[in-house]
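Report on the following structure.
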Number of protein chains: 2
Amino acid sequence: MCPMINPDRFLSNLHHLRSFGAAGVGRGVVRPAYSEADIAARRWLAGQFRQAGLTARVDAMGNVFGLAEGPSLLLGSHSDSQPEGGWLDGALGIIAGLEIARSSRENGGPQVSVASFQDEEGRFGVTTGSSVWSGQLSDARACTLLDHTGVQLSDAREAMADMVTGRVDPGQFTGFIEMHIEQGPVLDASGDAIGVVTGIVGIRDMNITFEGQQNHAGTTPMHLRRDAFQAVSAFNTLLNDRLRNVVTPQTVWTIGHIALHPNASSIVPGKATFSMQWRDADTDRLTRMEQVIRDAAVDIATRHRMTFTHGPLLGLDPVVMDGRLRAALSDAAGHVVPGRWREMPSGALHDTTNVSRLMPAAMLFVPSINGVSHAFEEDTREEDLVTGLRVLARAVSTL
Amino acid sequence: MCPMINPDRFLSNLHHLRSFGAAGVGRGVVRPAYSEADIAARRWLAGQFRQAGLTARVDAMGNVFGLAEGPSLLLGSHSDSQPEGGWLDGALGIIAGLEIARSSRENGGPQVSVASFQDEEGRFGVTTGSSVWSGQLSDARACTLLDHTGVQLSDAREAMADMVTGRVDPGQFTGFIEMHIEQGPVLDASGDAIGVVTGIVGIRDMNITFEGQQNHAGTTPMHLRRDAFQAVSAFNTLLNDRLRNVVTPQTVWTIGHIALHPNASSIVPGKATFSMQWRDADTDRLTRMEQVIRDAAVDIATRHRMTFTHGPLLGLDPVVMDGRLRAALSDAAGHVVPGRWREMPSGALHDTTNVSRLMPAAMLFVPSINGVSHAFEEDTREEDLVTGLRVLARAVSTL
């Protein structure tokens with residue numbers, strides 16, 4: 001049996017959520033954590049939860065919950081976006097949860113609650129909202145985190161302080177399932193409609209700063225320069241070379257953010273701060289990579305006469321999905337799209353990693369067209385979105 | 001004989017000019033072209049020119065002149081600063097010119113005019129104001145130039161449109177002398193008080209963009225990435241290697257500005273725009289370097305599956321200083337600080353490069369403490385500033 005879900009209402013709500021921060025080409029969204037668009041979206045979600053017969057609750061971090069009575073299964077994801085994101089990353093899991101919770105109440109199904117975690121996309125840290133909720137990161141430490149422009153989290157979250165009702169007890173939930181777009185090329189390439197996630201890779205994230213000497217780009221001879229950009233470039237080259245002996249083909253590492261100071265064409269940059277992020281399914285390998293990164297940074301700082309400093313090491317360890325929830329998802333997928341689903345790991349990080357510390361947790365994926373995500377072009381065929389909703393609803397009904 | 005210059009008034013005016021945009025540590029200044037502080041400083045300068053008995057004139061670019069009657073010698077420099085600059089870079093030459101023009105009028109000396117050129121520091125181009133005044137760059141082309149944040153020059157200069165009186169005819173000037181801080185380590189290291197400039201190096205400046213594919217930093221395998229930061233880093237490494245066969249120990253090249261897009265730690269950067277600047281005393285070498293740069297960019301674009309585009313090639317050719325003006329400066333230096341001056345080339349670019357296309361032109365340098373410039377820490381001993389003023393005044397009195 002399957003609850004009487006309403007695919008049109010689900011798609012309509014998904015499009016409505018995109019209207020908060022709709023931007024860029026295609027179905028792009030600009031809705032970073034604590035932005036005006038993000039807070040407006042969270043206000044709308046709380047209203048939707050209430051209309052669905054759930055009790056809306058918001059904690060100090062800005063995580064928004066719609067609570068059923070008594071013990072319940074929690075569905076959800078995050079509604080903040082990357083600086084340039086798509087309409088489905090995070091949003092899909094919340095709106096699917098909302099539809100299933102609502103239809104479940106309408107049809108006397110199981111108790112289902114819904115959550116939208118805050119700052120999954122890491123404006124301030126890594127899955128910041130669910131990290132705090134799950135106790136991986138203290139609220140006090142979270143408050144001191146800065147975004148790339150120097151804004152402190154404690155100041156940013158003030159903008160939604162009027163919504164806060166207090167802490168939400170995780171003890172009331174029997175488990176958590178997050179439906180998400182794959183954000184990679186596997187399902188799109190194989191033609192499968194559903195991926196049941198086996199585990200989520202771990203991630204480490206650290207800001208690194210090299211500081212040399214800012215000076216005039218015309219009068220400072222090359223051999224006397226202490227050029228921070230040259231240090232970053234040399235570090236990157238050295239690191240790529242040294243990591244070859246440590247990584248697997250699935251390991252990834254990224255320098256995605258860089259800020260030169262003063263960032264002017266006629267000035268030898270005296271300072272460079274950049275993000276260093278690495279991911280792998282094996283905790284030991286993550287630690288070995290950290291050592292390679294630190295050693296390379298120290299070596300470059302010495303060779304280029306730089307000072308080397310870094311911010312806090314943020315991150316999450318790899319996790320495996322709960323067997324019972326995963327089996328329910330596999331059974332449902334086998335029923336709804338027989339022969340068109342697969343088991344797979346998640347190379348992307350998700351709130352599920354944090355929530356799995358508190359309760360049984362699992363995930364399912366739908367395909368991303370061309371594997372594109374974290375970009376305006378991110379998209380999934382609506383038929384695949386509805387298939388995901390049906391599989392999740394069926395799995396929930398069997399739990 | 002020497003005009004009755006007033007060193008206290010000179011230093012006092014120099015400190016007053018610093019008050020527009022005073023910032024940072026020490027005697028730092030933030031007064032980029034067309035900023036509020038820059039326009040306020042130009043308004044104050046125009047007032048000072050009038051008080052000194054000169055006629056104040058401002059052209060469409062925002063170059064500010066104080067004109068003596070009939071044919072006159074032009075002294076000056078620029079009053080805009082780097083995004084983080086010092087109190088003397090440019091300011092010194094204008095305030096020295098103001099003091100000499102004023103004292104010359106007070107004491108019946110020669111006709112001396114003064115100029116403050118606009119955007120020497122290259123918010124929009126390379127010595128933009130004097131480039132347009134000297135006819136090296138058309139006003140129409142200048143208007144289309146963009147700064148690093150995308151602001152167009154034509155929009156930026158609107159903020160000082162009320163000051164504009166019209167074009168200033170270069171035909172009225174018999175020559176141009178620019179006094180400037182050295183901005184390098186030579187005089188500070190040798191203990192000389194004055195440098196008489198023999199020639200100014202040439203410069204080329206071009207923005208380069210690599211565009212690949214923005215994507216998720218967790219789900220995109222390393223071998224499938226088209227990471228624009230990796231392309232910049234590889235380009236930098238390749239370029240440093242290839243330039244070794246082309247350059248001299250005096251040649252310099254700099255990547256001082258970089259903008260990744262979208263510049264987030266969890267996203268493979270799809271686009272990187274950076275500044276590429278190179279300087280040398282030989283025009284042919286500048287052209288050979290351009291070819292090396294273009295070839296390296298094309299090779300990297302191919303290897304990393306990027307598109308390569310670039311902005312307009314801006315620049316100025318090397319120039320030699322006028323013999324008669326240079327001799328007057330050397331004679332004056334020999335009189336004021338016998339045995340404590342030297343002839344030297346300028347590794348920094350100056351407005352004199354442009355003005356030398358129109359009339360005989362020369363420069364003199366005073367020492368920079370530790371050779372530091374284009375930084376808040378830039379400074380020169382006040383005794384050295386006054387020595388420079390005395391040498392310039394003496395040279396002017398003999399012309």
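The values are calculated or read from the model by the stated rules, or taken from the named source; none is laboratory data. Remember, predicted model here, so these are calculated numbers, not experimental data. Reconstructed Cβ throughout: ideal geometry from the backbone, glycine too, with neighbour counts over all protein chains shown. Heavy atoms of the whole protein, side chains included, go into the accessibility calculation; ligands, DNA and RNA do not. Shrake-Rupley method; radii C 1.70, N 1.55, O 1.52, S 1.80 Å.
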From the list A:F229, A:F210, A:F235, pick out the single residue that is more than 10 Å from chain B (Cβ to nearest Cβ) and surrounded by 24 or more Cβ atoms within 10 Å (Cβ to Cβ). A:F210
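Among B:L286, B:L313, which is surrounded by fewer than 23 Cβ atoms within 10 Å (Cβ to Cβ) and at pLDDT below 95?
B:L313
Please indicate, with yes or no, whether at least one residue in segment A:352-364 is out of contact with any helix residue (DSSP H, G or I) (no Cβ under 7 Å at 6 or more places or on another chain) and β-branched (V, I, T). Step through it out loud before you land on a result.
In the first step, residues of segment A:352-364 are kept if they are out of contact with any helix residue (DSSP H, G or I) (no Cβ under 7 Å at 6 or more places or on another chain); the result is A:352-353, A:356-357.
Okay, now just the ones that are also β-branched (V, I, T), so A:352-353.
Yes.
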Conditions (1) within 15 Å of the chain's Cα centre (by Cα); (2) closer than 30 Å to B:R294 by Cα -> B:M363 fails only (2)
With respect to A:F376, is the statement that it is open to solvent by less than 10 Å² (accessible area, probe 1.4 Å) and either within 14 Å of chain B (Cβ to nearest Cβ) or modelled with pLDDT under 95 (or both) true? no
Give the number of residues within segment B:252-278 that are open to solvent by 10 Å² or more (accessible area, probe 1.4 Å) and of a type outside the set (A, V, I, L, M). 9
Residue in segment A:101-120 that is among the acidic types (D, E), within 13 Å of A:V168 (Cα to Cα) and either surrounded by fewer than 22 Cβ atoms within 10 Å (Cβ to Cβ) or in contact (Cβ under 8 Å) with a residue 40 or more places away in the chain (or both) present: no
Tell me, yes or no, whether segment B:158-172 has at least one residue that is open to solvent by less than 70 Å² (accessible area, probe 1.4 Å), in contact (Cβ under 8 Å) with a residue 40 or more places away in the chain, out of contact with any strand residue (DSSP E or B) (no Cβ under 7 Å at 6 or more places or on another chain) and among the polar types (S, T, N, Q). no
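Is there a residue in segment A:51-66 that is under 20 Å from A:G175 (Cβ atoms), of a type in the set (S, T, N, Q) and open to solvent by less than 10 Å² (accessible area, probe 1.4 Å)? Can you show your working first?
We begin by selecting, within segment A:51-66, every residue under 20 Å from A:G175 (Cβ atoms); these are A:52, A:54-55, A:57, A:59, A:63-66.
Those still in the list that are of a type in the set (S, T, N, Q) too: A:55, A:63.
Right, trim to open to solvent by less than 10 Å² (accessible area, probe 1.4 Å) and you get A:63.
The answer is yes; a qualifying residue exists.
Is it fair to say B:P249 is farther than 24 Å from B:R204 by Cβ, facing chain A (nearest Cβ under 8 Å) and either among the hydrophobic types (A, V, I, L, M, F, W, C) or open to solvent by 20 Å² or more (accessible area, probe 1.4 Å) (or both)?
On the way: farther than 24 Å from B:R204 by Cβ: no; facing chain A (nearest Cβ under 8 Å): yes; either among the hydrophobic types (A, V, I, L, M, F, W, C) or open to solvent by 20 Å² or more (accessible area, probe 1.4 Å) (or both): yes.
No; evaluated as a whole, the condition is false for this residue.
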Check segment B:329-345 and report whether any residue there is open to solvent by less than 30 Å² (accessible area, probe 1.4 Å), within 13 Å of another protein chain (Cβ to nearest Cβ), at negative phi and not acidic (D, E). yes
Residues of segment A:184-200 being of a type outside the set (D, E, K, R) and either in contact with a His (Cβ under 8 Å, 6 or more places away or on another chain) or open to solvent by 20 Å² or more (accessible area, probe 1.4 Å) (or both), in sequence order, are A:G184, A:P185, A:V186, A:A189, A:S190, A:G191, A:T198, A:I200
Scanning segment B:266-291 for residues that are of a type in the set (S, T, Y) and within 30 Å of B:T219 (Cβ to Cβ) gives B:S266, B:T273
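Could you please let me know if A:V126 is of a type in the set (A, V, I, L, M, F, W, C), open to solvent by 10 Å² or more (accessible area, probe 1.4 Å) and in a loop (DSSP other than H, G, I, E, B)?
Working: of a type in the set (A, V, I, L, M, F, W, C): yes; open to solvent by 10 Å² or more (accessible area, probe 1.4 Å): yes; in a loop (DSSP other than H, G, I, E, B): yes.
Yes; evaluated as a whole, the condition is true for this residue.
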Output the number of residues of segment A:177-190 satisfying the condition of being within 11 Å of another protein chain (Cβ to nearest Cβ), among the hydrophobic types (A, V, I, L, M, F, W, C) and not in a helix (DSSP H, G or I). 1
The strands (runs of 3 or more DSSP E) lying entirely within segment A:191-308 that contain at least 1 residues which are within 30 Å of B:G347 (Cα to Cα) and over 19 Å from the mean Cα position of the chain (by Cα) are A:202-211, A:258-261, A:271-280
In segment B:346-366, the residues that are open to solvent by less than 10 Å² (accessible area, probe 1.4 Å) and within 12 Å of another protein chain (Cβ to nearest Cβ): B:S346, B:A348, B:H350, B:T353, B:F365
